[in-house]
Amino acid sequence: MSVLVAFSVTPLGVGEGVGELVAEAVRVVRASGLPNKTDAMFTVIEGDSWDEVMAVVQRAVEAVKTRTPRVSVVIKADWRDGVIDAMNRKTESVERYLSER
């Protein structure tokens, strides 16, 4: 099974410069050992179970919450049996179609 979660953590009440606080969440994700990618909008993490992935998301949010009065979280999930490495395979599929033209 693959549980693929894209999430963003936005610290609120600390001004516009939030990169340092967002980095705290990303550190938690990277320390988890689960496959992950971070871009300008989301961090994507992949695991074998809902509980495994969501525990990492929760720890990431809690890491930010220790330094800000409020945290906004956006989560999108893809929970699918029989899939391995969905994070890369989904992107590779789109790239393959793009290269055909």
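The values are calculated or read from the model by the stated rules, or taken from the named source; none is laboratory data. Because the structure is predicted, anything quoted here is derived from the model rather than measured. Cβ coordinates were reconstructed from backbone atoms using ideal geometry, including for glycine residues, and neighbour counts include every protein chain displayed. SASA here: full protein model, heavy atoms, side chains in, ligands and nucleic acids out. Shrake-Rupley method; radii C 1.70, N 1.55, O 1.52, S 1.80 Å.
Whether any residue in region 28-43 is at positive phi and in contact with a Ser or Thr (Cβ under 9 Å, 6 or more places away or on another chain) is what I want to check. No, region 28-43 contains no residue that is at positive phi and in contact with a Ser or Thr (Cβ under 9 Å, 6 or more places away or on another chain).
For first residues located in region 1-26 and under 10 Å from V71 (Cβ atoms) and touching a residue at least 60 places away in the same chain (Cβ under 8 Å), partners that are open to solvent by less than 20 Å² (accessible area, probe 1.4 Å) and assigned to a helix (DSSP H, G or I) and lie 6+ apart or on another chain with Cβ distances below 6 Å form the pairs V9/A25; V9/V64; P11/L21; P11/V64. Of all residues in region 1-26, exactly one satisfies the criterion of being acidic (D, E) and at pLDDT below 80, namely E16.
Is it true that some residue in region 82-101 is of a type in the set (K, R), at pLDDT 95 or above and not in a loop (DSSP other than H, G, I, E, B)? For region 82-101, residues of a type in the set (K, R), at pLDDT 95 or above and not in a loop (DSSP other than H, G, I, E, B): absent. Which ones in region 68-101 are of a type in the set (G, A, S), more than 19 Å from the chain's Cα centre (by Cα) and at negative phi? Within region 68-101, S93, S99 meet the criteria. Considering every residue within region 49-64, establish whether at least one is at pLDDT 90 or above, in contact with a Pro (Cβ under 6 Å, 6 or more places away or on another chain) and not charged (D, E, K, R). Yes. For region 14-80, the strands (runs of 3 or more DSSP E) that sit wholly inside it and include 1 or more residues that are open to solvent by 50 Å² or more (accessible area, probe 1.4 Å), of a type in the set (K, R) and closer than 19 Å to S2 by Cα are 36-38, 70-80.
V5 passes every criterion in (1) in a strand (DSSP E or B); (2) surrounded by fewer than 14 Cβ atoms within 10 Å (Cβ to Cβ) apart from (2).
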